[in-house]
Amino acid sequence: MKNRVDNKLPIGFMDSGLGGISVLREAVRILPEENFIYYGDSKNAPYGEKSAEEIKALTFKAVEKLREIGIKALVVACNTATGAAISDLRTTYPDMPVIGIEPAVRPAVVCGHGGRILVMATPMTIKQRKFLDLLAKYQGEAEIVPVPCPGLMEFVEKGIFDGEVLKKYFDEHLADFLTENTESIVLGCTHYPFLESQIKEYLGNRNISLIDGSRGTSSELKRQLERAGLRKMGEEKGNVTILNSLEDEKMIELSYKLLKLPVGGGLK
């Protein structure tokens, strides 16, 4: 289905669940006049433990739902889906900007001081060629260590932010990677920024920075909208519509809560 693109249409966001809301939150901050529609595929989460073909098929299915509603640009706010499908999405939908996300390795390297950089990500993201190429690009400039985090995103999907439960998880999956010269941790899944305070609590008094890709992705969205003449201008604030494949009202409520907006998504 071909989309009629104009600047009054909303910007579409998709993710394997609720994680992409961390990126949407930043996009809303820098583009408050825009309308957004977010589709979380929580019914099929987690993507990070599926095959590349399954991920690609699910991503295209979600994007087609957004296209049927009508969008002027697409943000794939999921590292795993970006790695599996972004090239094919750009080829299939040349009539609109398509923006992906990747673990914020470059900012960690640029802002670093020669210390160790950990990249927390889903097992599938770590295996993907896109991630391996990213790692190879910067490996000579810093010690960059992938940290596979199976099941971590599911804490966010279930609305579990309990420190003790997460402490046990970090003991099992993160502790062994921490060293005296670890200076930053890249949050390589869009779900993980919602656990930032719990990760900081776990790290205690260690001087370790947490970095995610939401700002860079949102800035690229703004650039591409302006380049394509699709930026919606004016003082009137936009709104955010949340959809989820589970069709569960509690998921919608949790989504708006994570976005820090009232249900209905009116921007202030």
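Some observations on this one:
- Output for segment 179-194, where each listed residue is open to solvent by less than 30 Å² (accessible area, probe 1.4 Å) and not in a helix (DSSP H, G or I): 182, 184, 185, 186, 187, 188, 189, 190, 191
- The residues on offer are 23, 28, and the sole one that is within 15 Å of the chain's Cα centre (by Cα) and open to solvent by 10 Å² or more (accessible area, probe 1.4 Å) is 28.
- Qualifying residue in segment 222-237 (condition: closer than 22 Å to residue 17 by Cα and in contact with a helix residue (DSSP H, G or I) (Cβ under 8 Å, 6 or more places away or on another chain)): no
- Long-range neighbours under 9 Å by Cβ, at least six apart or interchain, first residue among the aromatic types (Phe, Trp, Tyr) within segment 58-71, second buried (at least 18 other Cβ atoms within 10 Å of the Cβ) and at pLDDT below 95: none
- Residue identified as under 22 Å from residue 8 (Cβ atoms) and either in contact with a strand residue (DSSP E or B) (Cβ under 6 Å, 6 or more places away or on another chain) or open to solvent by 10 Å² or more (accessible area, probe 1.4 Å) (or both) among 43, 65, 72: 65
- Checked against the criterion of being part of a helix (DSSP H, G or I) and surrounded by 14 or more Cβ atoms within 10 Å (Cβ to Cβ), the candidates 220, 226, 172 yield just one match: 220.
- Apart from one condition, residue 126 fits all of (1) in contact with a strand residue (DSSP E or B) (Cβ under 8 Å, 6 or more places away or on another chain); (2) open to solvent by 20 Å² or more (accessible area, probe 1.4 Å); (3) assigned to a helix (DSSP H, G or I); (4) under 30 Å from residue 250 (Cβ atoms); the exception is (4).
- Unmet criterion (only one of (1) open to solvent by 20 Å² or more (accessible area, probe 1.4 Å); (2) without any contact (Cβ under 8 Å) to a residue 40 or more places away in the chain; (3) of a type in the set (A, V, I, L, M, F, W, C)) for residue 89: (1)
- Among the residues listed as 255, 209, 245, 197, the single one being open to solvent by 50 Å² or more (accessible area, probe 1.4 Å) and in contact with a strand residue (DSSP E or B) (Cβ under 8 Å, 6 or more places away or on another chain): 209
- Annotation note: Cβ proximity below 7 Å between a residue of segment 200-211 that is more than 15 Å from residue 171 (Cα to Cα) and at pLDDT 95 or above and a residue that is of a type in the set (S, T, N, Q) and surrounded by 18 or more Cβ atoms within 10 Å (Cβ to Cβ) (sequence gap 6+ or interchain) occurs for 208/182; 208/184; 209/184; 211/184.
The values are calculated or read from the model by the stated rules, or taken from the named source; none is laboratory data. Keep in mind the model is a prediction, meaning the values are calculated, not measured. Because the Cβ atoms are built from the backbone with ideal geometry, glycine has one as well, and the counts that use them run over all protein chains shown. With ligands, DNA and RNA removed, areas are computed over all heavy atoms of the protein, side chains included. Shrake-Rupley method; radii C 1.70, N 1.55, O 1.52, S 1.80 Å.
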